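Here is the structure we will look at, set down as structure tokens.
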Amino acid sequence: MTEKRGGGRQKVMVLYLANSALDSPVVGWAVYDGTGERRHMAGDSDTPPYATGLDALKDGWRLFQASQLLPHHRGEEHDLAYLKYEFFFEQWIGTP
Amino acid sequence: MTLLSDQQMASFVARGFLRFEAAVPEEINAQFMAEAGEAPEARPERKLRATYGSLLAESGIPEIAPGTPLFQAYPQGSAVERLLGLPLVRGAIRSLVGEDPVFDHHFLHVTFPPRYHEAGGGENVSQHTHQDSTIDPRLSFDVQIMYYPHAVTREMGGTRFVPGTHLRKVSEVALGRYQNIRGQQHMVCEAGTLLFLHHGLWHGGGVNLSDGTRTMFKIRLHASRSQQRQWDVGPAADAQRPIFLVKGRQPADTVAAILMTPEPWFEQDTGRLEFVNRVKLWRYLTDDATYDADYWLTRLEHAPQVFA
């Protein structure tokens, strides 16, 4: 393992919501812990960490990115691919 | 052979999988495990890739070229040949991909316990969730048979899959960012369990935290002839059922009810498009361009006209 640099560590949480409103229900989630305290991975939890995105804000997570709402291309209106309502949150542990 | 019912086919169209618990007799399971062979014990400094390569090289499971007729692919009397001859398996294959299916590829998936990773210096983590192959815009589908020749506990990881994701057109592991999705399932099963998957279903191998290896054998196959109306097709489609204002529970075992059952991860708007895409697939399989459930496609198909 490489020697740790000084400064804080970032924890990132990605929530996928049921619509574009932050207070809509969580349908998918991922957590990446830069402190190394816990190794999150695919399939490690069947229960969302928060019921909604708003609950994450109330618990101190800082929202730093949200997916855009994009128009649907003609002829491809029914095509589905990736989850649509993606919100990135962070917490800093220690001083950045 | 035992063909699938309308309800089983509708469930496959809606959810992308069918599960048959302990469907393969123990005798075939034991034969398969003997033919697959055992992984060499973990050794310090030995990379997992080398261990896996050695297991595959010494395994009794043959190399087979893609494009081989499925029922000629395996040596007579081998465990997989016997498995493919079971009436349930024959019937499910016939129902899903029709007559004369073709072998695409197979693989012996072995998931190793922690000591192998520690010995090789690698990290013991689950596989990222993905869709197999590559972006596949077809309406028709291939089938992947996942065979679990021994019992799988939760500690052993098991295949993780997300029901209902199969109709999304994504690019393999581009969705690896999604660690967990509501409604995901983990294969915990008895020996001899089979999963029949639509090729598009999102899935990944779980992390093995037990003391032993976990084995799963996958075969991908595709149709060479018609895929339409190959199952035990029942009476014509149900009449449209009342929607929105309903005064009680409606029957849950009709094709329409099965096709219109949402998954826990459905987004509120695109969940409706999932219904639309399920109806499109049911139309294709039944060769009935007028079929609809809950009016989703009929509503969209009213051509704008000016009535004189």
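Scan segment B:177-187 for residues that are facing another protein chain (nearest Cβ under 7 Å) and either touching a residue at least 24 places away in the same chain (Cβ under 8 Å) or surrounded by fewer than 22 Cβ atoms within 10 Å (Cβ to Cβ) (or both) and the total you get is 7. Of all residues assigned to segment A:6-14, none qualifies as being modelled with pLDDT of 95 or more and in a loop (DSSP other than H, G, I, E, B). Residue-level check: of (1) over 19 Å from A:G43 (Cβ atoms); (2) touching a strand residue (DSSP E or B) at 6+ places or on another chain (Cβ under 9 Å), B:M146 misses just (1). Taking segment A:74-91, which residues are more than 12 Å from the chain's Cα centre (by Cα) and more than 10 Å from chain B (Cβ to nearest Cβ)? Listed by number, the residues that qualify are A:R74, A:G75. Reported count of residues in segment B:8-33, each being within 27 Å of B:V110 (Cβ to Cβ) and not charged (D, E, K, R), is 14. So for segment B:38-48 (the condition being surrounded by 11 or more Cβ atoms within 10 Å (Cβ to Cβ), in contact with a Gly (Cβ under 7 Å, 6 or more places away or on another chain), within 25 Å of B:A151 (Cα to Cα) and among the aliphatic types (A, V, I, L, M)), does at least one residue qualify? Scanning segment B:38-48 turns up at least one residue that is surrounded by 11 or more Cβ atoms within 10 Å (Cβ to Cβ), in contact with a Gly (Cβ under 7 Å, 6 or more places away or on another chain), within 25 Å of B:A151 (Cα to Cα) and among the aliphatic types (A, V, I, L, M).
Residues that are in contact with a Leu (Cβ under 7 Å, 6 or more places away or on another chain) and more than 26 Å from B:V89 (Cα to Cα) are absent from segment B:136-150 altogether. For segment B:34-66, the candidate set comprises residues that are touching a Ser or Thr at 6+ places or on another chain (Cβ under 7 Å) and part of a helix (DSSP H, G or I); within that set, the residue that is nearest to B:R214 (Cα to Cα) is B:A36. Please work out if B:T215 is more than 12 Å from every other protein chain (Cβ to nearest Cβ) and crowded, with 20+ Cβ neighbours inside 10 Å. Here the answer is yes, as B:T215 does meet what is asked.
A Cβ distance below 8 Å, combined with a sequence gap of six or more or placement on separate chains, defines the contacts here; from segment B:259-279, residues that are facing chain A (nearest Cβ under 7 Å) reach residues that are polar (S, T, N, Q) and surrounded by fewer than 19 Cβ atoms within 10 Å (Cβ to Cβ) in the pairs B:E267/A:N19; B:Q268/A:N19; B:Q268/A:S24; B:D269/A:N19. Reported count of residues in segment B:81-119, each being surrounded by fewer than 18 Cβ atoms within 10 Å (Cβ to Cβ) and either within 14 Å of chain A (Cβ to nearest Cβ) or of a type in the set (D, E) (or both), is 6. Scanning segment A:42-73 for residues that are among the small types (G, A, S) and either away from chain B (no Cβ under 14 Å) or not in a loop (DSSP other than H, G, I, E, B) (or both) returns A:G53, A:A56, A:G60, A:A66. Which residue is surrounded by the fewest Cβ atoms within 10 Å (Cβ to Cβ), if the candidates are limited to segment B:249-272 and must be farther than 18 Å from B:P163 by Cβ and within 23 Å of the chain's Cα centre (by Cα)? Across segment B:249-272, the extreme among qualifying residues is B:T254.
Residues in segment A:74-96 that are modelled with pLDDT under 95 and among the small types (G, A, S) were compared, and the one that is farthest from B:L167 (Cα to Cα) is A:G94. Does segment B:120-143 hold any residues that are crowded, with 18+ Cβ neighbours inside 10 Å, over 17 Å from the mean Cα position of the chain (by Cα) and either more than 12 Å from chain A (Cβ to nearest Cβ) or not in a loop (DSSP other than H, G, I, E, B) (or both), and which are they? Across segment B:120-143, the qualifying residue is only B:G120. Looking only at residues in segment B:158-169 that are within 7 Å of chain A (Cβ to nearest Cβ) and in a loop (DSSP other than H, G, I, E, B), the one that is surrounded by the fewest Cβ atoms within 10 Å (Cβ to Cβ) is B:K169. Among the residues in segment B:235-248, are any surrounded by 17 or more Cβ atoms within 10 Å (Cβ to Cβ) and under 19 Å from the mean Cα position of the chain (by Cα)? Taking every residue of segment B:235-248 in turn, none turns out to be surrounded by 17 or more Cβ atoms within 10 Å (Cβ to Cβ) and under 19 Å from the mean Cα position of the chain (by Cα). Being touching a residue at least 12 places away in the same chain (Cβ under 8 Å), away from chain A (no Cβ under 11 Å), surrounded by fewer than 21 Cβ atoms within 10 Å (Cβ to Cβ) and on the phi > 0 side of the Ramachandran plot holds for only one residue in B:E172, B:E190, B:E155, and it is B:E172. Remark: B:F275 matches the filter, which requires a residue to be in contact with a Phe, Trp or Tyr (Cβ under 7 Å, 6 or more places away or on another chain), buried (at least 16 other Cβ atoms within 10 Å of the Cβ) and aromatic (F, W, Y). The residues in segment A:68-91 that are touching a Lys or Arg at 6+ places or on another chain (Cβ under 8 Å) and touching a residue at least 24 places away in the same chain (Cβ under 8 Å) can be counted, and the count is 3. Among the conditions (1) hydrophobic (A, V, I, L, M, F, W, C); (2) out of contact with any Asp or Glu (no Cβ under 6 Å at 6 or more places or on another chain); (3) surrounded by 13 or more Cβ atoms within 10 Å (Cβ to Cβ); (4) more than 9 Å from every other protein chain (Cβ to nearest Cβ), A:V26 misses just one, which is (4).
The values are calculated or read from the model by the stated rules, or taken from the named source; none is laboratory data. Keep in mind that this is a model prediction, so the values were computed, not measured. Positions of Cβ are backbone-derived with ideal geometry, glycine not excepted, and every protein chain shown enters the neighbour counts.
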